[in-house]
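Some notes on the structure that comes next.
Since every read-out is calculated from the coordinates, none of them should be taken as a lab result. Bear in mind the structure is a predicted one, so any value in this text is a computation, not a measurement. Cβ placement follows ideal geometry from the backbone for every residue including glycine, while neighbour counts extend to all protein chains displayed.
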Amino acid sequence: MSWLVKTFTSHTGRKLLAGITGLGLVLFLVMHLIGNLQLFSSSSAFNEYAHSLHSGFLIVLADVGLLIAFPLHIGMVVWLAIDNKKARGAQGYKVANTKQKRNLAAVLASKSTLYGGLVLLFFVAIHVWHFRLQHESIANGTFGGGVGPGDLKSAVIATLSKPHWGALYAIGSLLTGWHLFHGIQAAFRSFGAYHPRYTPIIVKGGGALATIIGLGFTSMPIWVLLR
Amino acid sequence: MSDTINVTLEVWRQPGAKAQGRFERYEMNGVSTHASFLEMLDGLNEKLINEGKEPIAFEHDCREGICGSCGFVINGQAHGPDRGTTVCQLHMRRFKSGTHLVLEPWRAKAFPVVRDLMVDRTSFDKIQAAGGYNGVNVGNAPDANAILVGKEAAGEAFDAAACIGCGACVAACKNASAMLFTSAKVGHFAMLPQGQPERYRRVARMFDEMEAQGFGACSWTQECEAACPKGISVKWISRGKRDYLKAKLVKDSGQSSDDGFAG
Amino acid sequence: MVLDSKTPTGPLETRWTSHKGHIQLIGPINKRKYHVIVVGTGLAGASAASTLAELGYRVTVVTFHDSPRRAHSVAAQGGINAAKNYQNDGDSVFRLFYDTIKGGDFRARESNVYRLAEVSANIIDQAVAQGVPFAREYGGTLANRTFGGVLVSRTFYARGQTGQQLLYGAVAGLMRQVDTGQVKLLPFKDMLDVITVDGEARGIVMRDLLDGKIEALTGDAVVLATGGYSNAFFLSTNAMKSNVTATWRAHKKGAFFANPCFTQIHPTCIPVHGDLQSKLTLMSESLRNDGRVWVPRKKDDKRAPNDIPDADRYYYLEEKYPTFGNMVPRDVASRNAKYVCDQGMGVGASGYAVYLDFRDAIARLGRQAISAKYGNLFEMYEKIAGEDPYKVPMRIYPAPHYTMGGLWVDYDLMSNMPGLFVLGEANFSDHGANRLGASALMQGLADGYFVIPYTIGPYLSARGPGKGITNDHPEAKKAVQDAVDKTKRLLSLNGKRSVDSFHRAVGMKMLDKCGMSRSAAGLTETIAFIREQRAEFWENVSIIPKDGDTANQELEKAHRVADFLEFNELMCQDALARNESCGGHFREEYQTPEGEAQRDDENYCHVAAWEHRGVGEAPTLHKEPLTFEAVKLSQRSYK
């Protein structure tokens, strides 16, 4: 089995793991977004969705999946980053510049994926504390702030309507989109996917999906703040 | 024809591999715009020697953009501002008078500085020696036309084989990764029928060697392609990775890079 | 001393086969007991080293570059000849042989040239097997194009970077042997001397270019594949580091230097454009397939080229040589360019340039077709000249490019110094007084892949294994000490002039007086000038930094320029002694009424091999007569 360990500890192998877990996380985000968009419909729809989610098998799968994917994704990327830093050596460049002709956003996204990701980690921690770890208190009505038992929608609105939390969620959501803007296509590259005709579709499609996810999540705190 | 410009240079000076380096400023006045960048440096060196000062060491040889000897970073851009151009083919007509230019050597752990703007790139050859060839002895070759290669495949193989090993890809990469160089060498052989027998063993060994030499990993920022004087596409990196993963996870031949393979 | 070329006898067609068939073989067990040193990693060096290693010899390869891939073979653009007759246009080994020997103005050995033509086809096979991406037709077969001085299409090419691709093929072969451990590759080593014991080559002295250490490398035979000496002219198409040091220092130790005055001035180069100019850039001869060479008919016609109507254009090559037109051999094309410019018809700021015009080809074939064939060359031209050759004709002028002369070798490629083999451009052997386009790559690889692997055998087997010396041998120690002393002496000079200034002064004089045309008066004057500069060099050169124990590019150059300052004198002396014109050697005193080269077969149908007698001393001339059986000596005609 040493070949397997060797493969997945190599740069390309680590990148592959980061890519697979990354795409898994994207898949999770898509589901998460679709569910969350129920927020815009009646209170009961959102709360019923949340209830059925939490009483089913899906939440276990998601929890376990995330508990595996997140650390793997972050671990691999940070490990690579340490190697990458070493590879540059002690002396860096005095002047930073580029020769790329791609649009600036794409170039910046590609170079800031790691740092954006680390900031995201902080956001995710808060988010998990807000809505995952406090799920029990919402369910049994001890959340406070006039949120009734099981009324997740009110809990969400109560949280997001506080300007600092609302702003944090808006920024965190945008950052997620930014992270994926480069991340989705890079994941495909990590698998070695290349085709002269289909690669441009992946690049464009990945960018579009990242934008939808980013703006989709952002729309919620904005909606709460504006309403 | 007698156009001249003045430029200010800020050059990394480092008297030896272990020595401390620093930047030094030089004013070059009346430089012909028809001169190449290296000819401008020749002029500066001539001036320095005449003043009894130490000339700037920089690598160069063919001065027509094909040997891959030359290369340093000008204002943060490997080989200077022009795309598809080695620094020896960069001409002073590209710059406005009064320009301030910062010259730095390639920065990478696997390319230690030898002196001033000169670095040691022998690590590239260590990668090539780890299988970057077709294992055919002289005297065994069938008639050249016995192996048909389509025009497109031959053209694509050429695109990859055009890599001159200058190291600009490593210099431009934020991770100092040699992915473009290695993938181009891998891709050239992988495109051709002659390269198939060793295809997976080759990529497995070369990629592993690249890592062992201390180069970083690919973050897909695509700076390498932009910096490459031969315009080598990042598509070779994707193809290289695919072959590598196939070699490691699927094929028998690529399983281990230290299986005592020799030749 | 009688020079024995050891050329086999019998019918020309079977000489090589029969020679190979009678060579003393060395068994596989014994091959590994021999250590062969190869200096240089260009086409000849890389191919020789890898092939010898494949056979089982232990090989050490030395290059002054950081990587073998940087050798200047990499810059060859146009292509490589081979008598494959894939185009079904009547090509054959004999035709390639004949074209080459005629192109060389009948100053090469018949047997060598025939062998070269014979193995040319194998080179293509080998290169394809290695993965060299030659140009292909849609059907998958190899494409060909035509080159100067021939009437068939036998040139294989990889866009405009054939040399690069062939070199990478050969270097890949070399790296394979590095991988197996059969070859030891030593980069950053500059060869400074040959170590001889009892007149036989036993090793080399080399200086590490990173730490300055000077040490001996000893073995059973030394193979020099160190290229040509065009940088004797300062401005040339050679790389900046190309030099004569290895061959010159071997010459000073006893190896004869043959035909040093046979140099090639390539007709299609980008003209000189400024005082800082450091080198000249070649535009592949293949461009003459589609480009038409012309100058304005009227002297000092300052109109823009596109404003000059056809009637006022002088397509001088097409008019003077209707059969070959723009595809005459290089020496003829160069001389004619110089002639029209001397007449005042030249173009550009200096008046020393002619047009190479693609207008008609673009109209006929379309811009796309031209771009597919020459795209990278057009781009290169635009970068250097700052003009778009798709719209404005290129301006070109001849520049020193290749040197046919080199160390004298016999049929086995061994110099008169036993144990010293010389390959590729570094030897004198196959091109005579002028080299045809796409033949240099052919010769370098022929020598390395298909000749030396056989011909090194007889020398080694006659000596027997295990007779090499160690680094402690007095001769090795002495040679190292000499190199150390010379280096110290160079560093101790506290002069005022840069190394380059000497190179430039003498080189430019050489270009003027010993370049495209030469005269007794000019050569005599140049010899005096060289001596003067050489004397000054050893008093007034300034080498900074003063450290000998780090990378020191000025010191490297100083070693090389010091050798050019000695070697150039020999080149002039050879030119002076050859009282005829032939190929690239054009003595103004000897020309036909039409201004073509006037050979003197009666007195000069020989190889001039010079023996060193000390710096500044008159060298001794040894003549190897050239005899022709298969071809008849004739006045070359490309009309």
Per-residue Cβ neighbour rank within 10 angstrom, fewest leading, A:Leu108, A:Leu61: A:Leu61, A:Leu108
Hits among lysines - C-alpha to C-alpha of C:Lys20 under 19 Å, sequence gap 8 or more where chains match: C:Lys6, C:Lys31
Antiparallel content of DSSP bridges confined to chain C, in %, to 5: 70 percent
Given charges at Cβ of Lys, Arg, Asp, Glu: the protein assembly as shown dipole, positive-most of C:Leu576, A:Phe188, B:Met191: A:Phe188
For chain C, the Rg and Dmax computed from alpha carbons only, in angstrom: 23.6, 74
Ranked packing of C:195-203, C:21-29, most packed first, by mean Cβ within 10 Å: C:195-203, C:21-29
Positive-end extreme of charge dipole, the protein assembly as shown - chosen from C:Val39, A:Ser219, C:Ile530 (charges on Cβ): A:Ser219
The range C:270-400: Rg to Rh, with Rh as the Kirkwood radius over Cα pairs: 0.93
Magnitude of the charge dipole, the range B:4-115, Cβ model with Lys/Arg +1 and Asp/Glu -1, debye to 20: 380 debye
Using alpha carbons only: equivalent-ellipsoid semi-axes of the range C:427-516, gyration tensor based, whole Å: 35, 31, 9
FRET efficiency estimate (nearest 0.05) - Cβ-Cβ, C:Glu589 to C:Arg613, R0 41 angstrom: 0.95
Estimated FRET transfer efficiency (C:Ser92, A:Ile68; beta-carbon r; R0 60 Å; 0.05): 0.25
Taking the convex hull of Cα positions in the protein assembly as shown, its mean projected area over all directions (nm²): 47.9 nm²
For the range B:121-249, alpha-carbon Rg over 2.2 N^0.38 Å: 1.04
Cα-based reach from A:Lys6 at 26 Å (exclusive), listing lysines while leaving out same-chain residues under 8 positions away: A:Lys15, A:Lys85, A:Lys86, B:Lys109, B:Lys126, B:Lys174, B:Lys185, B:Lys235, B:Lys241, B:Lys246, B:Lys248, B:Lys251
The range B:121-249 - percent relative contact order, Cα under 8 Å, separation 6 or more: 34 percent
Average beta-carbon neighbours from other chains, 10 Å sphere, peptide B:241-250: 5
Selection from A:Tyr93, A:Asn140, A:Ala69, by position along the positive dipole direction of the range A:19-148 (Cβ): A:Tyr93
Those lysines that a straight Cα-Cα span of less than 28 Å connects to B:Lys53, excepting residues fewer than 8 apart in one chain: A:Lys94, B:Lys18, B:Lys96, C:Lys189, C:Lys213, C:Lys241, C:Lys279, C:Lys486, C:Lys488, C:Lys496, C:Lys546, C:Lys557
Shape call, the range C:1-130: gyration tensor on alpha carbons, a/c limit 1.5: oblate
DSSP beta bridges in the protein assembly as shown [antiparallel fraction, %, rounded to 5]: 70 percent
Alpha-carbon Debye profile of the range C:347-492, log10 I(q)/I(0) at 0.12, 0.13 Å⁻¹: -0.82, -0.87
Between 0 and 90°, nearest 10: helix B:179-190 axis offset from chain B longest Cα axis: 40 degrees
Antiparallel bridge percentage (DSSP; both residues within the range B:4-115; nearest 5): 75 percent
Computed [θ] at 222 nm, deg cm²/dmol, chain B (DSSP H ≥ 4; -39,500 (n - 2.57); rounded to nearest 500): -9500 deg cm²/dmol
√(5λ) per eigenvalue of the Cα gyration tensor, the range C:64-195, largest first, Å: 29, 20, 13
Rg/Rh ratio calculated on Cα atoms of the range C:414-568 (Kirkwood radius): 1.05
Shielding by partners, peptide B:169-179 (average Cβ within 10 angstrom, other chains): 4
